[in-house]
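Everything on this sheet refers to the single structure shown next.
Where a number appears in this text, it was derived from the coordinates with a stated rule and is not lab data. Keep in mind the model is a prediction, meaning the values are calculated, not measured. Positions of Cβ are generated from backbone atoms using ideal geometry, with glycine treated the same way; all protein chains shown enter the neighbour counts.
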Amino acid sequence: MSSFEQRNFRDQATAGQADTHYIDTPEQVELEYSVAGVGSRFVAVLLDMLLLGAFVVVELAVLVLIGAASLASPAAGKFGVAAGKWFLAFMIFINFAIFWGYFALFEAYWHGQTPGKRAMKLRVIKDSGRQITLFEALARNLLRVIDWMPSLYLVGVITMLCNKRNQRLGDLAAGTMVVHERLDEPSLLYQTGTTQGAPVAAVFPADAVARLDAQDLMVIETFFVRMLDLPMETRAAVAYRMVAQMTAKMGVAVPEVNPERALESIAYQMRSVGRTN
């Protein structure tokens, strides 16, 4: 049976199941994601709102003290009305910025997660499978106000129920989706010296690595970004196939080391010599 026929067969078998999404990657492997449902996302948002609520309570207490001190000043009678209007406008602006910035900045710089999402093992990704950028995090959260209307994310929930990826309006606008996080073993990329300042042992001769180009480095780095989302068997097979392709291009034999470590060595060596072409 061809891969096309296998895919059609699988799609028919999983018809009506809105909790699974498949993505074809540049590494020629199909990723399977478990799409987060309304319930788990609601609990994640509730946890985030509790954190935001605690912060807002502290903020209001501080602002009330500042306001009380201002009213007690001799100039309070003359400027009280104007100051009150500016104070109200400032509170509305700062709370919107906090609400919007909390979700957007956490998702952009915390690997698609807020504290609530991390507690529920959820993560925001692009519908192509890659991590979201700051721009995409800002875009999906800018429409959160509309998704919230008229209250309790009613518009967002209705939108999620109308598409198989459970995307709210912000997700549709930014091309993002929320998935359950895989609990596979950590990537070698985060276990070795690349994140601790120590050099990675070279697996291949420098002149062999020099035969690779920026496109090869991009493919390797894309694999490391997505590897935690791959089942272990698929991940090992993809890594081995990539090493075989890279070694053929370099004109060397496939080394008898962990293929992920071999790929990491290639990436480290290429970054070290500043390959940009």
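Of everything in segment 155-180, what is under 16 Å from Ala44 (Cα atoms) and of a type in the set (A, V, I, L, M, F, W, C)? Give them in sequence order.
Those that are under 16 Å from Ala44 (Cα atoms) and of a type in the set (A, V, I, L, M, F, W, C): Val157, Met160, Met177, Val178, Val179.
If I ask for residues that are crowded, with 18+ Cβ neighbours inside 10 Å and either without any contact (Cβ under 8 Å) to a residue 12 or more places away in the chain or not small (Gly, Ala, Ser) (or both), which ones from segment 128-137 would you list? Step through it out loud before you land on a result.
Taking segment 128-137 as the starting set, the residues that turn out to be crowded, with 18+ Cβ neighbours inside 10 Å are 129, 132, 136-137.
Result: Ile132, Glu136.
Within segment 114-124, how many residues are closer than 15 Å to Leu52 by Cα and crowded, with 17+ Cβ neighbours inside 10 Å?
Of the residues in segment 114-124, 3 are closer than 15 Å to Leu52 by Cα and crowded, with 17+ Cβ neighbours inside 10 Å.
Looking at segment 217-264, which of its residues are within 16 Å of Ala202 (Cβ to Cβ) and either in contact with a Cys (Cβ under 9 Å, 6 or more places away or on another chain) or part of a helix (DSSP H, G or I) (or both)?
Leu217, Ile220, Val243, Met246, Thr247, Met250, Pro259, Glu260, Arg261, Ala262, Leu263, Glu264
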